[in-house]
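To keep things clear, I will list the structure first and then write my remarks on it.
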Amino acid sequence: MSSIEIKKSYEEINDKIKKGTAVVVTAAEMPGIVKSEGVKKAFEKVDVVTTGTFGIMCSSGAFLNMGHTKPRIRTTKVLLNDVEAYAGIAAVDCYIGATQVKEDDPLNKIHPGAFSYGGGHVIEDLIAGRHVKIKAKSYGTDCYPLKEYEKTITINDLRNAFLYNPRNSYQNYNTAVNCSKKMIYTYMGILKPDMGNITYSSAGQLSPLLNDPYYWTIGTGTKIFLGGAVGAVTWQGTQHSPGGKRDENGMVMEGSGTIAVTGDMKEMNTEFIRGASITGYGCSLMVGIGIPIPILNEDLAYFTGLTDSDIKTPIIDYGIDYPNGDVRVIKEVTFAELKSGNVSLNGRSIPSSPLSSYPKALKIANTLKGWVEQGFTIGIPQIQIPGAPFSRNR
Amino acid sequence: MKSVNVLLIFRKEIMYKPIIYRIAKDFDIVFNVLEAKIFPKQEGRIILGLTGSDMQLDETLNYFKTEGVEVQILADMIKRDEQKCVHCGACTAVCRVDALYINRETMEVIFDAEKCVACGLCRLACPVNAMSGTAIDREI
């Protein structure tokens with residue numbers, strides 16, 4: 001985008017990375033540098049800031065190609081460990097979605113349901129190299145006569161296995177509380193009645209899109225850490241909403257930006273990607289993502305230097321308001337308050353707990369820092385994702 | 001001094017005997033009732049935190065057995081699979097006794113099995129099935 005001020009170019013940064021002379025720090029380390037040396041010096045000194053996040057990310061899944069069978073089959077229904085994958089793509093291509101639950105799962109018939117196995121778990125089992133049973137059906141054609149196929153395979157038997165997640169790495173996210181009178185089981189975890197506890201799901205200061213709040217350096221072609229392997233941003237994510245509410249610094253104060261990402265499952269590691277069961281809600285996938293942010297200008301040094309105390313998230317009632325679609329912000333809190341373990345709300349001190357793993361996020365940021373130091377260059381966005389007008393108030 | 005959390009199961013034959021009273025009187029045990037469920041004329045279940053010397057605790061546990069009380073040490077009932085745990089923190093929202101809590105420096109989830117009362121809520125909250133074992137509420 002022409003409006004982005006580039007004081008240190010991608011080429012300059014990538015040259016340094018190739019030579020091994022780039023200065024790379026994590027988004028946990030950057031605030032200390034900005035605090036002690038100021039934004040200008042931090043910009044001059046640091047070339048890349050690495051970020052990380054690890055949490056439950058719905059809108060995830062994988063394209064799988066099982067290779068042609070003998071005789072050939074043109075699949076119309078595919079089950080992987082009894083979890084249905086969408087087969088309406090091509091003869092032996094399918095898409096396994098993270099939230100698809102196993103056939104005959106009792107769901108929420110006895111509430112809260114356990115949702116012990118689903119698409120996210122199939123993805124984990126494949127990445128772990130475990131055996132997965134494929135069952136496929138078809139109506140048979142002249143060129144694809146086979147009508148039924150069954151085989152136990154591992155990921156090595158698949159011709160291709162690409163993770164393709166249409167919406168990941170939410171820039172910011174709601175913080176949840178329950179104002180109703182009963183215990184509820186939500187995708188934001190178990191929430192006790194009468195505001196008995198608060199849950200949140202963000203890596204805060206480490207989170208990729210919070211470190212580049214106007215998406216200056218993130219777009220189609222950005223190279224990322226995805227589930228332990230090299231991946232890429234392919235597009236804006238579904239529900240991407242750059243016009244969300246921002247504070248006086250320009251930092252987003254609600255969900256806002258999202259990205260679509262892809263990567264090769266054969267290169268991934270279950271340390272950074274896991275199937276998830278959310279009691280009473282359903283199945284999903286825990287995804288680990290890290291994005292390197294090139295420090296092209298002083299504003300990026302400023303944003304990457306912000307801490308959990310500078311980033312706010314809205315507290316939303318998941319007992320009554322959210323299910324009804326009447327979302328009202330009860331209070332805005334900083335991630336620093338949430339991370340302390342207690343939030344002051346309506347004169348009460350309410351225990352707060354995370355749902356996304358900060359230790360894993362930090363490990364991802366540090367692993368990515370190692371990659372960049374070893375020559376992992378910055379992918380220049382070929383198509384920017386839609387942003388928002390920026391005016392510097394500092 | 002040492003503390004241990006135990007689940008005591010009193011079958012109907014002994015459920016109206018004053019056994020808990022004796023552990024304070026005869027063995028000088030400091031006890032704290034953490035949870036109790038009584039099913040009249042069927043069974044009683046009680047979770048106690050016991051504090052005393054090693055010898056006092058040994059004698060008390062032996063005494064329970066001679067009276068026909070079934071004893072389960074709660075620290076052994078719920079286990080965490082360290083390979084599966086991703087330290088997300090979901091379990092810390094529901095743990096009743098802070099046996100699962102977050103180290104605020106590292107944000108890692110610590111499991112102090114000695115404090116666990118085997119309520120089983122962590123098993124419901126954990127998205128990656130890292131917690132396993134018998135939970136008293138769900139067994140009844």
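A:Lys16 meets the stated requirement of being under 17 Å from A:Pro292 (Cβ atoms) and part of a helix (DSSP H, G or I). Conditions: (1) under 19 Å from the mean Cα position of the chain (by Cα); (2) outside any helix (DSSP H, G or I); (3) assigned by TED's automatic domain parsing to the domain that holds A:Val233. A:Pro386 meets all but one. Number of the miss? Among (1) under 19 Å from the mean Cα position of the chain (by Cα); (2) outside any helix (DSSP H, G or I); (3) assigned by TED's automatic domain parsing to the domain that holds A:Val233, the lone unmet condition for A:Pro386 is (3).
Table: residues versus (1) at pLDDT 95 or above; (2) surrounded by fewer than 19 Cβ atoms within 10 Å (Cβ to Cβ).
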position	(1), (2)
A:Met1	no, yes
A:Lys8	yes, no
A:Thr26	yes, no
A:Met30	yes, no
A:Lys45	yes, yes
A:Ser60	yes, no
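Looking only at residues of region A:281-299 that are in contact with a helix residue (DSSP H, G or I) (Cβ under 7 Å, 6 or more places away or on another chain) and either on the phi > 0 side of the Ramachandran plot or of a type in the set (A, V, I, L, M) (or both), we find that the one that is farthest from the other protein chains (Cβ to nearest Cβ) is A:Ile295. Residues that are within 14 Å of another protein chain (Cβ to nearest Cβ), more than 23 Å from A:Leu126 (Cβ to Cβ) and not β-branched (Val, Ile, Thr) do occur in region A:259-280, at least one of them.
Number of residues in region A:337-383 that are in a loop (DSSP other than H, G, I, E, B) and either loosely packed, with under 13 Cβ neighbours inside 10 Å or not polar (S, T, N, Q) (or both) equals 12.
Quick grid of which residues meet (1) among the acidic types (Asp, Glu); (2) under 28 Å from A:Asn324 (Cβ atoms); (3) surrounded by 20 or more Cβ atoms within 10 Å (Cβ to Cβ):
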{"site": "A:Pro193", "(1), (2), (3)": "no, yes, no"}
{"site": "A:Pro208", "(1), (2), (3)": "no, no, yes"}
{"site": "A:Ala229", "(1), (2), (3)": "no, no, no"}
{"site": "A:Gly237", "(1), (2), (3)": "no, yes, yes"}
{"site": "A:Arg246", "(1), (2), (3)": "no, yes, no"}
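Each residue in region A:218-227 was checked for being buried (at least 24 other Cβ atoms within 10 Å of the Cβ) and either away from chain B (no Cβ under 14 Å) or more than 13 Å from the chain's Cα centre (by Cα) (or both), and 5 pass.
Looking only at residues of region B:96-122 that are facing chain A (nearest Cβ under 9 Å) and on the phi < 0 side of the Ramachandran plot, we find that the one that is surrounded by the most Cβ atoms within 10 Å (Cβ to Cβ) is B:Val109.
Of B:Ala130, B:Ala99, B:Ala90, B:Ala125, all but one fail to be out of contact with any helix residue (DSSP H, G or I) (no Cβ under 6 Å at 6 or more places or on another chain), closer than 24 Å to A:Thr186 by Cα, at pLDDT 95 or above and aliphatic (A, V, I, L, M); the exception is B:Ala130. Among the residues of region A:338-360, the ones that are hydrophobic (A, V, I, L, M, F, W, C) and either at the interface with another protein chain (Cβ under 9 Å from one of its Cβ atoms) or touching a Cys at 6+ places or on another chain (Cβ under 9 Å) (or both) come to 1 in all. Please work out which residue is nearest to the other protein chains (Cβ to nearest Cβ), limiting yourself to region A:234-258 and to residues that are among the hydrophobic types (A, V, I, L, M, F, W, C) and part of a strand (DSSP E or B). So, considering only residues that are among the hydrophobic types (A, V, I, L, M, F, W, C) and part of a strand (DSSP E or B), the one nearest to the other protein chains (Cβ to nearest Cβ) is A:Val252.
Results for (1) over 29 Å from A:Phe115 (Cα atoms); (2) among the hydrophobic types (A, V, I, L, M, F, W, C); (3) in the same structural domain as A:Thr220 (by TED's automatic domain parsing), shown as yes or no for each residue.
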site: A:His240; (1), (2), (3): no, no, yes
site: A:Asp247; (1), (2), (3): yes, no, yes
site: A:Val252; (1), (2), (3): yes, yes, yes
site: A:Met268; (1), (2), (3): no, yes, yes
site: A:Ala276; (1), (2), (3): no, yes, yes
site: A:Ser284; (1), (2), (3): no, no, yes
site: A:Val287; (1), (2), (3): no, yes, yes
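Can you spot a residue in region B:69-88 that is part of a strand (DSSP E or B), within 30 Å of A:Ala176 (Cα to Cα) and β-branched (Val, Ile, Thr)? For region B:69-88, residues part of a strand (DSSP E or B), within 30 Å of A:Ala176 (Cα to Cα) and β-branched (Val, Ile, Thr): present.
Does B:Ile14 satisfy the criteria of being outside the structural domain of B:Cys119 (by TED's automatic domain parsing), touching a Gly at 6+ places or on another chain (Cβ under 8 Å) and assigned to a loop (DSSP other than H, G, I, E, B)?
Yes; evaluated as a whole, the condition is true for this residue.
The set of residues from region B:57-73 being closer than 19 Å to B:Pro18 by Cβ and not acidic (Asp, Glu) comprises B:Thr60, B:Leu61, B:Asn62, B:Tyr63, B:Phe64, B:Lys65, B:Thr66, B:Gly68, B:Val69, B:Val71. Considering every residue within region A:187-201, establish whether at least one is within 14 Å of the chain's Cα centre (by Cα) and either assigned to a loop (DSSP other than H, G, I, E, B) or at the interface with chain B (Cβ under 10 Å from one of its Cβ atoms) (or both). Checking region A:187-201: at least one residue is within 14 Å of the chain's Cα centre (by Cα) and either assigned to a loop (DSSP other than H, G, I, E, B) or at the interface with chain B (Cβ under 10 Å from one of its Cβ atoms) (or both).
Within region B:73-86, the set of residues being under 26 Å from B:Lys2 (Cα atoms) and surrounded by 17 or more Cβ atoms within 10 Å (Cβ to Cβ) comprises B:Leu74, B:Ala75, B:Met77, B:Ile78, B:Arg80.
How many residues are more than 21 Å from A:Val372 (Cβ to Cβ) and part of a helix (DSSP H, G or I) if we restrict to region A:279-322? Steps first, please.
Initial filter on region A:279-322 (more than 21 Å from A:Val372 (Cβ to Cβ)): A:279-286, A:307-322.
Okay, now just the ones that are also part of a helix (DSSP H, G or I), so A:308-310, A:321-322.
Matching residues across region A:279-322 total 5.
Among residues of region A:182-195 that are farther than 12 Å from A:Ser352 by Cα, those with a Cβ under 9 angstrom from a residue that is at pLDDT 95 or above and among the basic types (Lys, Arg), sequence gap 6+ or separate chain, pair up as A:Met183/A:Lys192; A:Ile184/A:Lys192; A:Pro193/A:Lys181; A:Pro193/A:Lys182; A:Asp194/A:Lys181.
Of all residues in region A:136-168, which are in contact with a Leu (Cβ under 6 Å, 6 or more places away or on another chain) and either outside any loop (DSSP other than H, G, I, E, B) or not assigned by TED's automatic domain parsing to the domain that holds A:Val122 (or both)?
Passing the criteria: A:Ile155, A:Ala161.
When A:Tyr281, A:Tyr322, A:Tyr318 are checked against the criterion of being in contact with a Cys (Cβ under 9 Å, 6 or more places away or on another chain) and not aliphatic (A, V, I, L, M), A:Tyr318 stands alone in meeting it.
The values are calculated or read from the model by the stated rules, or taken from the named source; none is laboratory data. Since the structure is predicted, the reported quantities are computational estimates derived from the model, not experimental observations. Don't worry about glycine lacking a Cβ; one is built from the backbone with ideal geometry, like all the others, and counts go over all protein chains shown.
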